[in-house]
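Undergrad: Take this structure first; my questions come after.
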Amino acid sequence: MNHSSKRIAIIGAGPGGLTLARVLQTAGYNPVVYEGEASRYERQQGGTLDLETDSGQKALQAAGLLEAFHQVCRFEGQSGKIVDKSGKVYHEDTADEVPDADHYSRPEIDRTVLRDLLLDSLRPDTIQWGYKCSEAIPVGDRQFELHFDNGKMDVVDLVVAADGAFSRIRPLVSEAKAEYSGVSMIELNILDAANRSPELAAFNGPGSVYALDDRKGIMAQMNGDGRIRVYLGFQAERDFLESVDIPYDDLEKAKPKLLALFADWSDELQNYITSANGVITPRRIYMLPVPHTWESRSGVTLIGDAAHLMSPFAGAGANLAMLDGAELALSIINNEDLDTAVRQYELKMFEYAGATAAETKANMELFFSDNAAAKLGELMRSYAEQ
Ligand SMILES: Cc1cc2nc3c(=O)[nH]c(=O)nc-3n(C[C@H](O)[C@H](O)[C@H](O)COP(=O)(O)OP(=O)(O)OC[C@H]3O[C@@H](n4cnc5c(N)ncnc54)[C@H](O)[C@@H]3O)c2cc1C
């Protein structure tokens, strides 16, 4: 039986929700995506993502978008180095030795480019912009009535929470809450790096630099739009970002305070702070318990960060969100019964996402441990040998 006549609502137009919508749509379904933001332009989507062969790229394959991705991704973005605060290199992948599309690879793509790729692949009426879901109320045993901040309502056969870290739908199946991970970040931007900070651009190269020491980090990534996005990371108490007294709205006044936090780091690394010329954004990093599972419930499920929010220290969140979207869509397409489809997806997802969440948690602890650069260098070598 094809249940393409069932009303499927996806809450959230992030990488997870959009992949789900696309795979369903290519199989003749008509899902609706309700997105709280007013348009695709409302918010800067953030940094660059590396999409892995067996998760993000696998999802794009299911969505029929892998070739289009290969046209716009940056294979050279896989290059990078791991250093300590003195600049000593513990591991390096140069741009001319990174894998291409024919090999196991993790090419980079800016979030905006990825989101546009997915949005443009959907029929224009798929996304309902400006629909922030405030509540989902059960109707009988199987349906949900969705309420939105704009006063609108919908009754659906399946509501999929793709609404990220602080999901409004998650409480329907789980009591778990996103908790502070113990890591805080301050994001800096160096716009037009090649022209405005050529020395730093040369040091950084077309990929990433991970400088780790003293339970802190300077983690920098070249983005497709020519900016270097920098995350200053700290293992810290929950109130660190306020207590450190950085004027986040005044970059020039913030710089000396930021430099003081990295006072004995090499000049090349301090240059990431000195050269900053864009906005500063403080970010507390949250995560869900590891593993996070729930009893399947008719008419509702979770994908992406709503299901398994984790810190960014394995670069896995968006990859998994997309894989979830593809797996759930394929399960719906291949099963006669919607409840069975949801349950099968959940069991499969709990396994792969649970493993990745545990790996991510271990990575986070490693990044902020003693001799972190040496340990991460060793880990990267062990991955390369697998
Ligand atoms: C600093 C940082 C760096 C990261 N780096 C990487 C990386 O390199 N690689 C990687 O794979 N992952 C990375 N991640 C993780 C990645 O960003 C997330 O895992 C991913 O975006 C999750 O996708 P999603 O579709 O589940 O949710 P989101 O991308 O959070 O999308 C949720 C969508 O739902 C909408 N929404 C929210 N609430 C509502 C509501 N009530 N009603 C309607 N709409 C709503 C939001 O506006 C948004 O559009 C990083 C995260 C951070 C914080």
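Undergrad: Tell me which chymotrypsin sites (Phe, Trp or Tyr not before Pro) from region 81-165 have a DSSP coil assignment and no more than 10 other beta carbons within 10 Å of their own.
TA: On the way: sites: Y90, Y104, W129, Y131, F144, F148; in loops: Y104, Y131.
Here the sparse-neighbourhood loop sites are Y104.
Undergrad: On a 0 to 90° scale, report how tilted helix 338-367 is relative to the longest principal axis of the chain, with both axes built from alpha carbons and the result rounded to the nearest 10.
TA: 10 degrees
Undergrad: Would you please state which residues of region 141-185 a label at E135 would reach in this model, taking the label point 7 Å out along Cα→Cβ and a backbone N cut-off of under 16 Å?
TA: 144-156, 168-172
Undergrad: Per the helix-only calculation at 222 nm, which mean residue ellipticity applies to the chain, given -39500 (n - 2.57) for every DSSP H run of n ≥ 4 and division by its residues, nearest 500 deg cm²/dmol? Let's see the in-between values first.
TA: On the way: 13 runs with 136 residues, N = 386.
The per-residue figure over the chain is -10500 deg cm²/dmol.
Undergrad: Mean separation of Cα pairs under 8 Å and 6+ residues apart, divided by the residue count of the chain: what relative contact order is that in percent?
TA: 23 percent
Undergrad: What dipole magnitude, in Debye to the nearest 20, does region 276-377 give about its Cα centre under +1 on Lys/Arg Cβ and -1 on Asp/Glu Cβ?
TA: Computed about the Cα centre, the dipole is about 460 debye.
Undergrad: Still on this structure, please answer the following. Leaving out ligands, DNA and RNA, and with a 1.4 Å probe, what % of the accessible surface on the chain is carbon or sulfur?
TA: On the way: 8230 of 17010 Å².
Reported share for carbon and sulfur atoms: 48 percent.
Undergrad: Name the trypsin sites (Lys or Arg not before Pro) in region 16-73 that are in a loop by DSSP and that have at most 15 other C-beta atoms within 10 Å, would you?
TA: Taking region 16-73 and a limit of 15 other Cβ atoms within 10 Å, the loop trypsin sites (Lys or Arg not before Pro) found are R43.
Undergrad: Let me ask something additional. Compute the Cα gyration tensor for region 203-243, then decide on rounded, prolate or oblate, letting a ≥ b ≥ c be the square roots of its eigenvalues: rounded whenever a/c is under 1.5, prolate when a/b is larger than b/c in the other cases, and oblate in all that remain. Working shown, then result.
TA: Numbers: a/c = 4.68, a/b = 1.95, b/c = 2.40.
Oblate is the answer for region 203-243, as a/c is 1.5 or above yet b/c matches or exceeds a/b.
Undergrad: In Å and on Cα atoms, what radius of gyration and Dmax does region 116-193 show?
TA: 17.3, 57
Undergrad: Counting only heavy atoms of the protein chains, get the accessible area per residue of the chain (1.4 Å probe) and round it to a whole Å² value. Intermediate values should be presented prior to the final figure.
TA: On the way: 17010 Å² over 386 residues.
On a per-residue basis, the chain sits at 44 Å².
Undergrad: Taking the Cβ-Cβ separation of A358 and A101 as r and a Förster radius of 22 Å, what is the calculated FRET efficiency to the nearest 0.05? If you can, show how the numbers build up before the last one.
TA: Working: r = 30 Å, r/R0 = 1.35.
About 0.15, to the nearest 0.05.
Undergrad: What FRET efficiency would be calculated for the residue pair F166, L366, taking the C-beta separation as r and a Förster radius of 30 Å, to the nearest 0.05?
TA: Computed FRET efficiency for F166 and L366: 0.65.
Undergrad: Here's something else I'd like to know. Fully extended, how many nm does the chain gain between D245 and T274 (0.36 nm per residue separation, minus their Cα-Cα distance)?
TA: Numbers: separation 29, 0.36 × 29 = 10.44 nm, distance 1.81 nm.
Extra length available between D245 and T274 comes to 8.6 nm.
Undergrad: To the nearest 0.05, what FRET efficiency results for Y41 and A263 with a Förster distance of 41 Å applied to their C-beta separation?
TA: Details: r = 40 Å, r/R0 = 0.97.
My answer for the efficiency is 0.55.
Undergrad: In addition: With a/c under 1.5 counting as rounded, go ahead and sort the chain into rounded, prolate or oblate using the C-alpha gyration tensor (a ≥ b ≥ c being the square roots of the eigenvalues; past the cut-off, prolate if a/b is larger than b/c, else oblate). Numbers along the way, then the final one.
TA: Numbers: a/c = 1.87, a/b = 1.69, b/c = 1.11.
Note, shape of the chain comes out prolate.
Undergrad: What whole number of Å gives the distance from the Cα centroid of region 83-102 to the Cα centroid of region 303-380?
TA: 25 Å
Undergrad: While we're here: Only bridges whose two residues both fall in the chain count here: according to DSSP, what percent of them are antiparallel, nearest 5? Intermediate values should be presented prior to the final figure.
TA: On the way: 46 of 63 bridges.
The antiparallel proportion sits near 75 percent.
Undergrad: Another one. List the GluC sites (Glu not before Pro) within region 314-373 that DSSP assigns to loop and that have no more than 10 neighbouring Cβ atoms inside 10 Å.
TA: Numbers: sites: E327, E336, E346, E351, E359, E365; in loops: E336.
Within region 314-373, the qualifying GluC sites (Glu not before Pro) (loop, at most 10 other Cβ atoms within 10 Å) are E336.
Undergrad: For K85, give me every one of the lysines with a C-alpha distance below 21 angstrom, ignoring sequence neighbours fewer than eight places off in its own chain.
TA: Within the straight-line limit of under 21 Å, K85 reaches these lysines: K216, K255, K257, K375.
Undergrad: Would you kindly calculate the translational diffusion coefficient of region 179-286, applying Stokes-Einstein with the Kirkwood radius from alpha carbon pairs, for 4 °C and a viscosity of 1.567 mPa s, and quote it in µm² s⁻¹ without decimals? Write out the running numbers ahead of the final one.
TA: Working: Rh = 13.9 Å.
Approximately 93 µm²/s, per Stokes-Einstein.
Undergrad: Lys and Arg at +1, Asp and Glu at -1: add these up for the other residues within a Cβ distance under 12 Å of N371 and post the number. Display every interim value, and only then the final one.
TA: Details: positive: K85, K88, R215, K375; negative: D84, D213, D214, D370, E378.
That sum, taken over residues with Cβ under 12 Å, equals -1.
Undergrad: Could you give log10 I(q)/I(0) at q = 0.30 Å⁻¹ for region 9-50, computed by the Debye formula over C-alpha point scatterers of equal weight, without solvent?
TA: -1.05
Undergrad: Averaged over all directions, how much area does the convex hull of the C-alpha atoms of region 49-203 cover when projected, in nm²? Numbers along the way, then the final one.
TA: Values: hull surface 56.8 nm².
Spelled out: convex hull of the Cα atoms, projected over all directions, averaged, 14.2 nm².
Undergrad: Where does helix 251-261 land angle-wise versus the long Cα axis of the chain, in degrees 0 to 90, nearest 10?
TA: Around 70 degrees separate the two axes.
Undergrad: Reachable lysines from K132, Cα under 28 Å, same-chain residues fewer than 8 places away excluded?
TA: The reachable lysines, counting only those whose Cα sits under 28 Å from K132, are K6, K152, K177.
The values are calculated or read from the model by the stated rules, or taken from the named source; none is laboratory data. Please read all numbers here as calculations on a predicted model, not as lab measurements. We place every Cβ from the backbone using ideal geometry, glycine too, and count neighbours over all the protein chains shown. To get the accessible areas, we keep the full protein, side chains included, count just its heavy atoms, and leave off ligands, DNA and RNA. Shrake-Rupley method; radii C 1.70, N 1.55, O 1.52, S 1.80 Å.
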